Structures are given as structure tokens and as C-alpha cells.
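The next block holds one structure in the form of C-alpha cells; read it before the comments.
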Amino acid sequence: MKRSELSRKTVAELRTLAKARGLVGYSGLRKAALVEKLAALPEGSPRGGRRRAARPGRGAAGPAARVRAAAARTGGGSEQVPVPSGPKGEQREPRAGSGLAPRTRRAFTLYSLLDEQRMQASKYYLGGGESPELDEGFEYPRSYGENTISLMVRDPYWLFVYWELAPDLRADLASRLGEDTLAKSRLVLRVYDVTDTDPDHPVSFHDIDVAPGARNWYINVMRVERDYCVDLGLITPDGSFIVIARSNRISLPPVGPSDIIDEEWVTLDALGGLFKQSTRGPSSGSGGWGSGGWGR
Amino acid sequence: MEKGYLSLVLHAHLPYVRHPEYRSFLEEDWLFEAITETYVPLIRVLQRLTADGVRFRLTISMSAPLISMLRDGLLQDRYVEHITKLCELTEKEIARCRDNPRLRGLAEMYHGFFSDVKRAFTEEYGLDIVTALRHFQDAGRIDVLTCGATHGYLPLMDQYPAAVRAQVRLALDHHRRTFGRDPEGMWLPECGFFPGVDRYLAEAGIRYTFVDSHGLLHAVPRPRNGTYAPIVTPAGVAIFARDLESSKQVWSSVEGYPGDHWYRDFYRDHSYELDYDYVRPYLGADGFRKMLGLKYHRITGQTDEKELYEPERARERAMEHAGNFVFNRERQVEHLNEALGRRPIVVAPYDAELFGHWWFEGPMWLEYVFRKIDEIRGPLASATPGDFLSSEGPFQCAELFHSSWGYKGYSEVWLDGSNDYIYPHLHRASRRMIEMAKAHPNAEGLRRRALNQAARELLLAQSSDWAFIMKTGTMSEYAHKRTRDHISRFTRLYEDVKANRVDERWLAEVESRDRIFPDIDYRIYADDRPPAAPGASR
């Protein structure tokens, strides 16, 4: 295509064209550069053939994203069913993840999930590929420059913790402890049970050695229905513990119905929409809760 | 006299997807398909019930992103184009199938269906689904609730009170502007409850919300009436719980109605079997095949050899299933009434998009359920949670802990190996937003615009849809990308504001893309104190 012809197109159109022509690394380009690249291609140069054709490192979310993209392309290893298509037209039909017949997609994408999640996922299911990229060339920062650790509740049995080490932490520790001591120290997560207390006076704690380079961890708790807090720190050869960062504290939810059956009842003030504290409610026996609850 | 109540709750939400920078964009079909198969058919149901004088009460929660998209001129125009094409395609289908009476009949059915939807959307509703729905609110038939501002999953942002508060307050403001009144209740995105979230609701004047069954059954002290009465939290918010039995009848693929062999198959789209040239005009600009809605087959069974759909049989099944559902609820409330010594409420919440989109006959089923209840006028009446709070009581006080209605009941769907990488960035963005709001208590001009846009980008990144999609694998690339884009735009705004070098042209471009919450005020993030502890004792 001629330069003048290309110049009349919008950037979005040029990107679509670049993708169709199999160009890589065009997503961050400005219009002029895009025009140049496209104009330089010989007429009828072969198309990329697949939509998510290798993006160079920049702009990709990392190896994991590439693996995901690859899985999406191949249908995650499930057998591919070619799209039935007419004698004509076949030449021009794009082929990619979206070329998978719906049956294959369905087996791969949705049947492994629970019913409810599968039905909920159906609202995002279009049986096609995915839309063109509007890549802005952004990569998540590896670090925000601070020592931080953050603790989250996944479920009654599991905590999730993520952390980040400041770039100057290593140098800082080396000057404090000496290179030799630092090299012999272990980086650990110290998990405190802080139920009714604080991390300086924990009920108990245990350590988890973390692999170098790890940035998060799922922690299977020792005791359910407790409060927890986690320190990221170093254990030096002499056994002392140096805290690098301390997390927020969390409370795990109960794993079953409560044994507490004291009852307190309120009535609704229809006028103000406020709830008023009332006296004890209807008879306070606990009949009916004997076995397995109601209605079965 | 009724012995108990059925409260049907439909939660309507889609993430904000709007790409003016492209001529067509595949993921905008999420909205278009939901309009065609869910929202218009549901309004049709409300219209028919009202016209026939059926007494019914229905609760619908609508998220701000969905409302914003439904009211967006660009998306409305694109939808008209979309539905017009479907009308055209099905007309061609009628001609193509002329020698096959059964297929032809199905093509005619879809043509009639799409044409009716188009007529309703363009002529009757004037392109505005929201106003069409509001009419039924004003007429006292439905209660409309709000939801988290961008459907952010609150338990995973609980460390940032300002972020939680913004999700609650902005949703409320948006709802008030849309529906002309405050919502009585709020649907917590994914029923995601964490200890203390009720304080944010109380602070905003919300009277009630919902949790999944176990969320309430594990409350302390143990709720005497199980899931059949709301409890009131120390902050003064009433909590209703999903009823296991009625949800299983709809959600379960084994016992659930939508899996019936006579119902339409969701996946089998005939357009995949047609010549590429024939369907090309109906595909997006990228030319990739996608579902076009020519779903001519019924579920048939655990087989890939699908039989053709028979609309009349499916209708009969929907009617039978509605009868079965009402019968079961009647027996349930009779039994509960006796056991509890009070009128129970059976809360049956569903994703609205389940009805019509996944379960094509769902709206029809819903209509029959309401007709049946009204026809019998026996032990069962339909009621909204608000009705129940006004007419029943007293309510037991209890405290609740983490829970959600996701797989396994807690946060695993939104926090696992497929999506956990987003939280350090979402959390950092929340912190930065708070930092900026505090640093600039009275920003004006360009800086103010930049700060408001930063708030929009943070909110859009927080949509629980992205983590859910990453987890389930349907369109996950787009979900990764959207999260990255919003964090990217947020980060640039943050750095530009900090360096006092906001690029007006770039900002205007971003504003024109991510247009949700036009009246947002970033200063909502300046208050990062947790809500006050309730005065009420435990």
C-alpha cells in the first residue's frame, strides 16, 4: 500500500492492518512509524497467521502471559476441530484461537468448572477469539521501592501474603550484619497467632522458609478461627530474628455454625428506618437446631 | 393469608467495556447479547405481568457500569447496528432454510424475536433500557438496588477503607441520580462480605444486603431461624441469605432446570457451520468467527449430536418447571412457618444474565412463576427484602465474618495462582490515590481532571470481573489487558500529577475512553479512616 493511502488511516486501523500483515512490535509505535513500517512491506506479504503472534518482551506481561497466550492458541492441548467452511472464502478466514469450533472450546474452557461458576462465566463467553490489542507498552513495576508485606484472607484455612523488598535492602542488611552473616541467614515468613494479643506477645508462631525470588505465598494455617499476623524477616546464624516488614492482622472466618446461642433481638423502626434495640426475643429455647437445621 | 415469602433477586451487572477507538470491539458483545437475550426479555416479562394485572414483587440490582453502558450514546448506536444485522441475518436464514421446514421455523422464530427486541429497544424504550426499568420501580412492581461502584470485590480491598468507601458511596450517588431515590439495599459484589463491611453500608444509609447461606449460618450467635430470616449486624444493617434449596433448583446442572434436555443449547451456534462469506458481514471488523445467536439446537443430553430445538416443547417445560418451583416453595414455607412459628423469607438470588442468555427460557420461567403464585394466592407471596423488613420482625442480632457466593464460598475465585499478581498493584494504586487526594485537598483545572480520572482508572481496575475471567479462562487475555491498561493509565496520572506535568491531550483521550462516573470527585479518597464502630452493643 502507498504511503499516502496509509496516512489517511487512523492509528487504530493501521494497527489492525499491522496485525493482519503479521508485523510484530508495532503496538507502541506512533502513526508515522507505523506508516513507514507498513509501506516498507512488500505487497501481499504473508499474514501473521495468528492473532497473538509473538509479541516481543516489551508489552507482554511476562512468561506467564506468554504461556497463557500459547495455551489459548492451541486450545490448551485439547484436540483441534477444524472450522467447517465453504469451498470459497476459506482462504480468507482468519484462523486462531477463535477458529476452534465451539465444541472444543466448551470442553476446554468451561466444563472443568463448577456448574454455577460455569453459568456465571457464560456471560463472558462469545465463542470467538479476543479483541485486538490496545497495547500501551506498560509493564507492571517489579518493585515500588519499599519493604512491604500484606496479608489477605483466602478462606478459613488459607492465608495469602505478598511482599516486596526495597532495592537497597540487601546493601543495607550487608552493612548492618556483614556479608558473611547475611549470606548465611535465611529469609523467612514468621506467622504469628495473635488471637487476643499482638505480634510481640504471640500465642504461638512458626516460620516458613521462602525461596529467593518468591514474592508471595499461600499459608495453610495451623489453627482455624484465629487471628494472624506475618513478619518477613531474616534468621541469622546465631538464631536471632531481624524483622524486615510486618503485615496487617487478619481474622479467619468460622468453619461452621457457632456454639453461641445467646439471643438478642431488635425491631425495625419503620419511620426512621433505624433498628432499635429490643428486649429478649421470642422464647429462647434452642429447639429446632438439633440436627442439620431446617427444611430438609 | 400467606405463610411465607419468596424473594426473587436478579443481580444485573457487566463490566465497563467501551472502545470508541475501534470501529467494532468483540467484548462489547457482552452487553449486546445481554440486552437482546436478558434485559429486553425481562422488561417484556414485567410488561406482560403488569398488563395482565398480576401481583408480583421482584428485586433487581443494577451496577453502575451496566447503567453507564446502557445509557451511553455510542454503545446504544452500536447496539442498534448489532440488532439490525441480526434481523437481516435471520431474514437471510429464512430464505436459506426454505426447503427445511423445521430449520425455517427456527429461523422465523429468531427473526421474530430479534425484530421484537429491536422494536422494543428503538421505538418503545427510546434506546434507554434503564428508564424502561425505572418505570416498574415507580409503579411499585420492582425494587432496584445498587451494587459496588465498579463491582469491586470488597473483601480483598479491606485494608484500604477509602477504597471500600468509594465503591459504596459512588454506587449510591450514581443510583440516586439514575433512579431518583436512594436504594434500600445494596448487592455486595459476589456477595463478598468481610467483618466490618456492614459499617460502610450503615454509614451510607443502606438498610440491607445479602450473603450466601453459610455466611449467615456461621454468624455469631447462631441465627435461630437459619437463612429464613435476616439478622441485624451490630452496625444496624439487615443481612439476608441465599436459600440453598431454591438456588440448587436453578443453578445445579444435575437437578437444575436450565439443564433440561428440551431447553435451548447455549453453545451450539449454527453460524459456525455456515460459509464464511455468508456470515462475514455479521462478524466484527477482525473477521473472526463468533457466536451470532443462531442457536437451533436443544440440549438433548450428554452428547454432541444435538437435536433441533422445539420452542413449544421448551415453553411447556418452562411452565412445568415454574409450577414445580412454586409447589416446592409452598411446601417449604408451610413447613418453615410451622417449625419457626413465624413467616419465613426464602431468598433466591441469581445473576440476571443467567436468564435468557445462558438459560434462554429463563425469562419465560420467571413469568410463569409469578403468574402461578398470583393465581394460587395460597401460602406463598412474592416480596422484596424491603417489604419483609417493613412488615416482619423482630430480627435477631448477630455478627458476620468473611464469605462470598463464589466457588468454595470465600475468596479463592478472585485470589489464586491465575490472578493473585494483580493485588500488589491494585493495593498500591489505592494507596497512591489516597496519598494524592490528601496532598491535593482543593485541586483545580487540569490537576483536578487528572485526579478524577485517576480515581476512574483505579475503580475500573478493581472490577471483580477481571479476576474472575482470569480464573475461568474465558476471554482471559482481555481481562489481563484491561487490568494492565487501567493500572498503566493510573500510574501515568499519578506520576504526572506528582511532577506537575499533566499532558492535556493525552488526558482528554483517556477521559473520552473511560467515561464512567462523569461527576466523580476524587476527594472521596481523602478520608481513609475506617467507619466508626457502632454504638450498639453486641
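Some notes on this structure:
- Among the residues making up the stretch A:138-163, those that are more than 17 Å from residue A:242 (Cβ to Cβ), assigned to a strand (DSSP E or B) and of a type outside the set (Gly, Ala, Ser) are A:151, A:152, A:153, A:154, A:155, A:158, A:159, A:160, A:161, A:162.
- Taking the criterion of being within 17 Å of residue B:7 (Cβ to Cβ), touching a Phe, Trp or Tyr at 6+ places or on another chain (Cβ under 9 Å) and not aliphatic (A, V, I, L, M), the only residue of the stretch B:318-331 that qualifies is B:325.
- Only one entry in B:227, B:233, B:303 is hydroxyl-bearing (Ser, Thr, Tyr) and more than 30 Å from residue B:195 (Cβ to Cβ), namely B:303.
- Residue that is surrounded by the most Cβ atoms within 10 Å (Cβ to Cβ), among those in the stretch A:207-246 that are over 11 Å from residue A:190 (Cα atoms) and in contact with a Pro (Cβ under 6 Å, 6 or more places away or on another chain): A:225
- One residue stands out among those in the stretch B:207-228 that are facing chain A (nearest Cβ under 10 Å) and assigned to a loop (DSSP other than H, G, I, E, B): the one that is surrounded by the fewest Cβ atoms within 10 Å (Cβ to Cβ), which is B:221.
- Taken over the stretch B:359-411, the criterion of being surrounded by fewer than 23 Cβ atoms within 10 Å (Cβ to Cβ), away from chain A (no Cβ under 14 Å) and part of a loop (DSSP other than H, G, I, E, B) is satisfied by B:377, B:378, B:379.
- Residue count, the stretch B:236-260 (criterion: of a type in the set (Gly, Ala, Ser) and over 20 Å from the mean Cα position of the chain (by Cα)): 5
- Applying the criterion of being surrounded by fewer than 23 Cβ atoms within 10 Å (Cβ to Cβ) and touching a Phe, Trp or Tyr at 6+ places or on another chain (Cβ under 9 Å) to the residues of the stretch B:488-507, the residue that is nearest to the other protein chains (Cβ to nearest Cβ) is B:488.
- The residues of the stretch B:439-482 that are of a type in the set (A, V, I, L, M, F, W, C), more than 11 Å from chain A (Cβ to nearest Cβ) and surrounded by 22 or more Cβ atoms within 10 Å (Cβ to Cβ), listed by number, are B:450, B:451, B:454, B:455, B:458, B:459, B:460, B:461, B:467.
- In the stretch B:6-40, of all residues being among the small types (Gly, Ala, Ser) and modelled with pLDDT of 95 or more, the one that is farthest from residue B:325 (Cα to Cα) corresponds to B:34.
- For the stretch B:205-218, a tally of residues being closer than 22 Å to residue B:532 by Cβ, in contact with a strand residue (DSSP E or B) (Cβ under 8 Å, 6 or more places away or on another chain) and free of Cβ contacts under 8 Å to residues at least 60 places away in the same chain returns 2.
So that you can scan it fast, the table gives a plain yes or no per residue for (1) in contact (Cβ under 8 Å) with a residue 12 or more places away in the chain; (2) at the interface with another protein chain (Cβ under 9 Å from one of its Cβ atoms):
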residue	(1), (2)
B:232	yes, yes
B:239	yes, no
B:243	yes, yes
B:254	no, yes
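- Residues in the stretch A:170-197 that are free of Cβ contacts under 8 Å to residues at least 40 places away in the same chain and assigned to a loop (DSSP other than H, G, I, E, B): 4 in all.
- Pair list, Cβ < 8 Å and 6+ apart or interchain, from the stretch B:415-430 residues that are over 17 Å from residue A:141 (Cβ atoms) and more than 7 Å from chain A (Cβ to nearest Cβ) to residues that are surrounded by 21 or more Cβ atoms within 10 Å (Cβ to Cβ) and hydrophobic (A, V, I, L, M, F, W, C): B:418/B:470; B:419/B:466; B:419/B:467; B:419/B:470
- In the condition set (1) surrounded by fewer than 22 Cβ atoms within 10 Å (Cβ to Cβ); (2) more than 14 Å from chain A (Cβ to nearest Cβ), residue B:354 is compliant with all but (2).
- Exactly one residue out of B:36, B:59 is outside any helix (DSSP H, G or I) and hydroxyl-bearing (Ser, Thr, Tyr), and it is B:59.
- Top-ranked residue in the stretch B:130-181 [being part of a loop (DSSP other than H, G, I, E, B) and among the aliphatic types (A, V, I, L, M); ranked as nearest to the other protein chains (Cβ to nearest Cβ)]: B:149
- Spans of helices (runs of 4 or more DSSP H) in the stretch B:422-538 with at least 3 residues over 30 Å from residue A:127 (Cβ atoms): B:422-439, B:445-461, B:476-499, B:504-513
- Residue-level check: of (1) at the interface with chain A (Cβ under 10 Å from one of its Cβ atoms); (2) under 28 Å from the mean Cα position of the chain (by Cα); (3) over 30 Å from residue A:15 (Cα atoms), residue B:296 misses just (1).
- Test: residue in the stretch B:476-483 that is over 28 Å from the mean Cα position of the chain (by Cα) and among the aromatic types (Phe, Trp, Tyr): no
- For the stretch A:14-37, the set of residues classified as at pLDDT 70 or above and in a loop (DSSP other than H, G, I, E, B) consists of A:21, A:23, listed by residue number.
- The C-beta contact set for the stretch A:209-224 (first residue farther than 26 Å from residue A:256 by Cα, second residue among the acidic types (Asp, Glu), distance under 9 angstrom, 6+ apart or interchain) comprises A:215/A:164; A:216/B:420.
The values are calculated or read from the model by the stated rules, or taken from the named source; none is laboratory data. Small disclaimer: the values here were computed from a predicted structure and weren't measured. Every residue, glycine among them, receives a Cβ derived from its backbone with ideal geometry; neighbour counts consider all protein chains shown.
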